[in-house]
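The values are calculated or read from the model by the stated rules, or taken from the named source; none is laboratory data. It should be emphasised that the depicted structure is a prediction, and the values quoted were computed from it without experimental measurement. Here the Cβ positions follow ideal geometry from the backbone for every residue, glycine too, while neighbour counts run over all protein chains shown.
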């Protein structure tokens, strides 16, 4: 569950609401804590929608313009137009998935956990980001362990975490002029059957003091940043019972890691 500040005293209420507020039932108290956490996360996620959806919307606009050019030729290029329309469809579905996942947080009482192959999730996100990686001449390396076990998680939200981390690395590498631009992603088994995912880049890097605050809401090192993307990553990983952190890469760059707990065995046990 997401760690949130104590909400403070509740407004004065009367009637049945007071009776509910006075309940000593542990299940009621847990439900109240979960609701506070969801509402706190929703406040963060509402501000992040523009950040999350801007990439697929920009891709849709670019591909639509390209399709119009291909159709406007003396001999319309139908093959290129079809491929462009398929890219538009994929980008639109990505935007729909992100928004659906964000909105769902306000409605559901718990995460909708399913069995997830993190390697396939990483590969899917890399497919979405591959055009940006190529456009900025970034060398991509991946080392996904075949030994990891499935985890229980919300697929859309874990995609969101990975896309945030990858796009942050791309933004850092864009500003790298005289050094190799390398983005590396790996997965490996963690203790007790969990999974450790690492996103590493050779970009501008992190000052140690910044690394301690980079997941705080509204904290950003970017001139036009909103300071929400990494805070949301932490909220999502916390809600999955995991942990996320960042550290400088030696000699330069940054390393982001997160751990997810194991899924369930066929008998329903961890």
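Yes/no matrix, rows are residues, columns are (1) modelled with pLDDT under 90; (2) exposed (fewer than 15 other Cβ atoms within 10 Å of the Cβ); (3) out of contact with any strand residue (DSSP E or B) (no Cβ under 9 Å at 6 or more places or on another chain):
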site: 69; (1), (2), (3): no, yes, yes
site: 95; (1), (2), (3): yes, no, yes
site: 123; (1), (2), (3): yes, yes, no
site: 127; (1), (2), (3): yes, yes, yes
site: 144; (1), (2), (3): no, no, no
site: 154; (1), (2), (3): yes, no, no
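Scanning the stretch 41-67 for residues that are at pLDDT below 60 and more than 18 Å from residue 132 (Cβ to Cβ) turns up 41, 42, 43, 44, 45, 46, 47, 48, 49. From the list 189, 208, 223, 217, the one residue that fits, being assigned by TED's automatic domain parsing to the domain that holds residue 153, at negative phi and modelled with pLDDT of 85 or more, is 189. In the condition set (1) at pLDDT 90 or above; (2) over 25 Å from residue 263 (Cβ atoms), residue 168 is compliant with all but (1).
Applying the condition of being in contact with a strand residue (DSSP E or B) (Cβ under 7 Å, 6 or more places away or on another chain) and farther than 13 Å from residue 136 by Cβ to the stretch 190-204 and asking which residue is surrounded by the fewest Cβ atoms within 10 Å (Cβ to Cβ) yields 198. Within the stretch 164-186, the only residue that satisfies the criterion of being within 19 Å of residue 146 (Cβ to Cβ) and buried (at least 22 other Cβ atoms within 10 Å of the Cβ) is 185.
Kindly establish whether residue 131 is assigned by TED's automatic domain parsing to the domain that holds residue 231, assigned to a strand (DSSP E or B) and touching a helix residue (DSSP H, G or I) at 6+ places or on another chain (Cβ under 8 Å). Considered against the rule, which asks whether it is assigned by TED's automatic domain parsing to the domain that holds residue 231, assigned to a strand (DSSP E or B) and touching a helix residue (DSSP H, G or I) at 6+ places or on another chain (Cβ under 8 Å), residue 131 comes out as no.
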